[in-house]
1. With the checklist (1) surrounded by fewer than 17 Cβ atoms within 10 Å (Cβ to Cβ); (2) assigned to a strand (DSSP E or B); (3) not hydroxyl-bearing (S, T, Y) in hand, flag the one item L287 doesn't pass.
2. When the residues of region 247-278 are filtered to those that are modelled with pLDDT of 95 or more and of a type in the set (D, E), which remaining residue is nearest to D224 (Cα to Cα)?
3. Which residue pairs have Cβ atoms closer than 6 Å, lie 6 or more positions apart in sequence or on different chains, and pair a first residue in region 124-135 that is more than 12 Å from V318 (Cα to Cα) with a second residue that is within 16 Å of the ligand (Cβ to nearest atom) and in a loop (DSSP other than H, G, I, E, B)?
4. Can you pull out the residues in region 183-214 that are modelled with pLDDT under 95, more than 19 Å from A246 (Cα to Cα) and within 16 Å of the ligand (Cβ to nearest atom)?
5. If we scan region 39-49, do we find a residue that is over 22 Å from T190 (Cβ atoms) and within 16 Å of the ligand (Cβ to nearest atom)?
6. Scan region 198-233 for residues that are surrounded by 17 or more Cβ atoms within 10 Å (Cβ to Cβ) and among the polar types (S, T, N, Q) and jot them down.
7. Determine, yes or no, whether L135 is assigned to a loop (DSSP other than H, G, I, E, B) and of a type in the set (A, V, I, L, M, F, W, C).
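The values are calculated or read from the model by the stated rules, or taken from the named source; none is laboratory data. Just so it is clear, the structure is predicted and the values come from calculations on it, not from any experiment. Every residue, glycine among them, receives a Cβ derived from its backbone with ideal geometry; neighbour counts consider all protein chains shown.
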Amino acid sequence: MKKTARAHTNIALIKYWGKANQALKTPLMSSLSMTLDAFYTDTTFEHDSSLTEDTFILNDQEQGPEESKRVFNYIHLLQEKFGFNDHFIIKSTNHVPTSAGLASSASAFAALATSFAASYDLDLSRKDLSRLARLGSGSATRSIYGGFVEWQKGIDDASSYAIPIDENPDLDLSLLALEVDTKQKKISSTKGMKLAQTSPFYQPWLARNKQEIAELKQAIKEKDFTKIGKLSELSANEMHACNLTANEPFTYFEPETIKAIKLVEDLRKQGIECYYTIDAGPNVKILCTLRNRKEIISAVQKSLTNVKIVVASFGPGVTLL
Ligand code: DP6
């Protein structure tokens, strides 16, 4: 009746930024991510016929109807799917700064789908968990697995799920998450990716997706850090270029975001190899290897004030606690 799951968040190296079906959250493109060890969500799902209402507690605070809406709608959808209708309590603790472009929804819905399924004793495969997580948030589809994960876009609910590319990569790859601004973001991913589709660059970007996925998979296989970094940076820039050229144009960048981009470019000019990626928020994530990690951290601390740096590497797939 009560189960707890832990899911780690992930960073997309090839971005998901558009839905084919809004309700099913099936994407217009395939994406490829790295699950991160440093950011995760623990969620307990409890259901009981004696409960008289639904409750959502996030980071020890009971959430009001507005904040709970997305989560309640999601659980009601799953309950309807499997034929349950009792009330429930969800207790969730986020070890991710909420809504700051660090994809807390990825770990949140992966942990929620998994604790839900376990509490009702549904014996689901990881593929089916991945499909359920997708109904909560697209990026959650990938957080079922650890390491490198591909979300194959598929054509419908049955065929759109994640597959592990390499759950325990033997690869020297670190991610430095620069928290330049942890304020709530203004444009949700759901809204941003809809707007981006009005960009004249959106269709050409989509047309490149298959090739970009194939190239990144090859680079992972070859353990080629340079190729992985270049392809990741390109995908992020393609996404943000579509935002800047949308009708209406918008951007998640803040002045500190640009400073961080310039710093990465400068470091590269000095022979310190690193690359950046940016999601639906102002924070910048730097991809680097162990050899340069210390040097990059001190360069960031020197040129960006008030920036919190969290070092991450490969994290595991979802687990029941
Ligand atoms: C930029 O998964 O948050 O992080 O499916 O609407 O919940 P919804 O969107 P969400 O979008 C994530 C967008 C991204 C890129 C990515 O993670 O692939």
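1. (1)
2. Among those that are modelled with pLDDT of 95 or more and of a type in the set (D, E), it is E273.
3. From residues that are more than 12 Å from V318 (Cα to Cα), the pairs are R134/K25.
4. Q184
5. Yes, region 39-49 contains a residue that is over 22 Å from T190 (Cβ atoms) and within 16 Å of the ligand (Cβ to nearest atom).
6. Hits for region 198-233 are S199, N209, S232.
7. no
Listed here are the residues, each with its yes/no results for (1) hydrophobic (A, V, I, L, M, F, W, C); (2) farther than 27 Å from G192 by Cα.
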{"site": "L13", "(1), (2)": "yes, no"}
{"site": "N21", "(1), (2)": "no, no"}
{"site": "T35", "(1), (2)": "no, no"}
{"site": "T44", "(1), (2)": "no, yes"}
{"site": "E53", "(1), (2)": "no, yes"}
{"site": "Q63", "(1), (2)": "no, no"}
